[in-house]
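Since the structure comes first, as structure tokens, the remarks are kept for the end.
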Amino acid sequence: MKKSGKYVRKKITPSDNTGFSPQLTVTGNREAVLEGCREIKEYDDGKIKFSIGNMTVCFCGNNLVIKNYGNDYAVICGEFSDISFG
Amino acid sequence: MIIKFLKYIIGFVTFKAWGGFSERFINLCEEEKISLWNIKNTNGEITASTSINGYKRLRSISKKTGMKMRTVKKCGLRFWLSKNRARSGLAVGAVVFMLILITLSQFAWRIEVVGNTEIEDEKILAVFEEYGIKAGAKISDLDLKTITEKALADMPDISWAKVNKKGSMLCIEIREKRKIPDIYDDSVPTNVVASEDGVILSSDVLCGTEEIKVGSAVRKGDLLISGIVTHRDGSEELLHADGIVRAQTKDTFEISKKNICLYSLTNYKKRYEIFFFGLKFPIGVAPDGDLISENASYLQSGDSVLPLGVIKTTGITFSENTVAPEEIQNLICLFKCSEHIKDLNETAEVKSSKISVSENNPDYSCAVYSTCEKNIAELKEIYTEKTMDKE
């Protein structure tokens, strides 16, 4: 893309194309922020499964704690061993 | 941190729920807009925290989902206050303490002076006190910049000043002016003359013509070093004569009982004042007398002097004592003589002193005869008239 004699690199972020899709931000394997979650499908000692519209996201690991939950938004902390989508 | 503090102020409840559908329980909470945090599931038992209002609404949800609930912990100011309702005095005390703390922190507790070497602290503090900077003054009411400017105008020996706030202390930082050194003016033609009678011991001529010899006796005003120098060609030149001429001199000091006036203490009054943040609360009537002195003692915390203390004012009245014992008067005469020798030692080298007492005289008298060595050189200007050369 050439503009007034200089090359401008367009920054591409996933959110540009996702619109109202749920967003998942993972920090290391200790914290994850899930925006756009509808409900909790499954919750036990080592597993939390969230419904995010027509699919699900599942966090597996140890000491899983939902730090905050409300307004289609959840903060999950713990030691994640696996994050899977279904 | 702020959120944690707000949560504590509002109050929250930590609870346990077990036995039913935990997922449905959490989803229903979300639907009912009951915020939950720190949700943890251990062996089918949920532990979570919620607000006080939210906890009240949880009962119906737990019934719907078939869960049993139990409170684990109640946190927050509201619970603390209700728990300590019987100890309401404690809360009132805490509030009063905070109010006192806030109120007192608005006043200057201490004034400190930094950077002065020649000028005394008291002098600087007195000037600043005139413009309101004193212990107990309300800091917010002080226009420090204007006060500093005014104080600087009053103190010509200070080149720069600044008042800094350090918590409840005001620090006056100052810089003193550097004194201009005295310039030795050697352009004026002078002679060196004797300042008193004596026998010359040594002479060190710095400039001019020596007019005396070692061992010769001189009287006060005699010429020692001349400022008029005659050259080989017969021409004369006026110079600024200078030198050190040491001579043996004699000093006499006499004192008699007549010259000594004794006073005795006739009245002694004192009064105490309580000093609290610049305000003085007197206890009793102000004392009067010939000599009024003030002695203040302030409360100290470490190195800091607090604006709380007691001021003691003393008033002493004297009257002339005409019936004082003779021994005391005689002793005072001797004391005055010894003081004179001490003073003499500061200006000259005292070689020998002899104190003579004439007791036969009804007016007891003392005399000190001292032999000293000192510089008797004294500069005396040679008066000249300037004449215009006619071309």
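A helix-only calculation puts chain B at -8000 deg cm²/dmol for mean residue ellipticity at 222 nm, using -39500 (n - 2.57) for each DSSP H run of at least four residues, averaged over all residues. Heavy atoms of chains A and B lose about 1400 Å² of accessible surface on contact, summed over both sides with a 1.4 Å probe.
Taking a ≥ b ≥ c as the square roots of the Cα gyration tensor eigenvalues, with a/c under 1.5 meaning rounded and otherwise prolate when a/b beats b/c, else oblate, which class fits the range B:243-368? Note, shape of the range B:243-368 comes out oblate. Taking 20 Å as the straight-line reach from the Cα of B:LYS354, the lysines in range (excluding those fewer than 8 positions away in the same chain) are B:LYS250, B:LYS257, B:LYS336, B:LYS342, B:LYS374. Entry comment: accessible area of the protein assembly as shown is 67 Å² per residue, from protein heavy atoms only and a probe of 1.4 Å. Think of chain B as having a plus end and a minus end, set by charges on the Cβ of Lys, Arg, Asp and Glu; of B:PRO282, B:ILE255, B:SER235, B:PRO282 sits farthest toward the positive end of this dipole. Taking accessible area as the heavy-atom solvent-accessible surface of the protein chains with a 1.4 Å probe, which residues of the range B:1-42 lose no less than 30 Å² upon going from the isolated chain to the full protein assembly? Buried-area filter returns B:GLU23, B:ILE26, B:ASN27, B:GLU30, B:LEU36, B:ASN38, B:ILE39, B:LYS40, B:ASN41. When only Cα pairs below 8 angstrom with a gap of at least 6 residues are kept, the range B:179-274 shows a relative contact order of 31 percent. Of all the options B:SER365, B:SER256, B:SER62, the one that moves most in a Gaussian network model of chain B with Cα springs shorter than 10 angstrom is B:SER62. In the range B:61-214, a dipole from Cβ-located charges (positive for Lys and Arg, negative for Asp and Glu) runs towards its positive end, and of B:ILE172, B:MET67, B:SER105 it is B:MET67 whose Cα lies farthest in that direction. Is the shape of the range B:323-372 rounded, prolate or oblate, going by the alpha carbon gyration tensor and its root eigenvalues a ≥ b ≥ c, with a/c under 1.5 for rounded and a/b larger than b/c for prolate? Oblate, because a/c is 1.5 or more while a/b does not exceed b/c. Taking every alpha-carbon pair under 8 Å whose residues sit at least 6 apart, the range B:2-82 reaches a relative contact order of 48 percent. Of all segments of chain B bounded by chymotrypsin sites (Phe, Trp or Tyr not before Pro) found in a DSSP loop with no more than 12 other C-beta atoms within 10 Å, the longest spans B:185-382. Accessible surface of the protein assembly as shown, 1.4 Å probe: 53 percent of it comes from carbon and sulfur atoms. When the pairs A:LYS47/B:LYS74; B:LYS16/B:LYS64; B:LYS16/B:LYS73 are compared against a 20 Å limit on Cα-Cα distance, A:LYS47/B:LYS74 fall above it.
Residues of chain B were split at every exposed loop site, defined as trypsin sites (Lys or Arg not before Pro) in a DSSP loop with at most 14 other C-beta atoms within 10 angstrom, and the longest piece left, sites excluded, is B:233-385.
About the Cα centre of the protein assembly as shown, how large is the charge dipole given +1 on each Lys and Arg Cβ and -1 on each Asp and Glu Cβ? Please answer in debye to the nearest 20. Provide the component values of the computation, followed by the final result.
On the way: 65 positive and 64 negative charges, 1377 e Å.
In total the dipole reaches around 6620 debye.
The relative contact order of chain B, computed from alpha carbon pairs under 8 Å that lie at least 6 residues apart in sequence, is 13 percent. Contact with the other protein chains removes 50 Å² or more of accessible area, compared with the isolated chain and a 1.4 Å probe, from these residues of the range A:38-60: A:ILE40, A:TYR43, A:ASP45.
Roughly what % of DSSP beta bridges within the protein assembly as shown run antiparallel, to the nearest 5? Roughly 95 percent of the DSSP beta bridges within the protein assembly as shown come out antiparallel.
The values are calculated or read from the model by the stated rules, or taken from the named source; none is laboratory data. This one's a predicted model, so the numbers in the text were calculated from it and none came from an experiment. When we count neighbours, we look across all protein chains shown, and the Cβ atoms used for this are built from the backbone with ideal geometry, even at glycine. Calculation scope for accessible area: heavy atoms of the full protein, side chains included, ligands and nucleic acids excluded. Shrake-Rupley method; radii C 1.70, N 1.55, O 1.52, S 1.80 Å.
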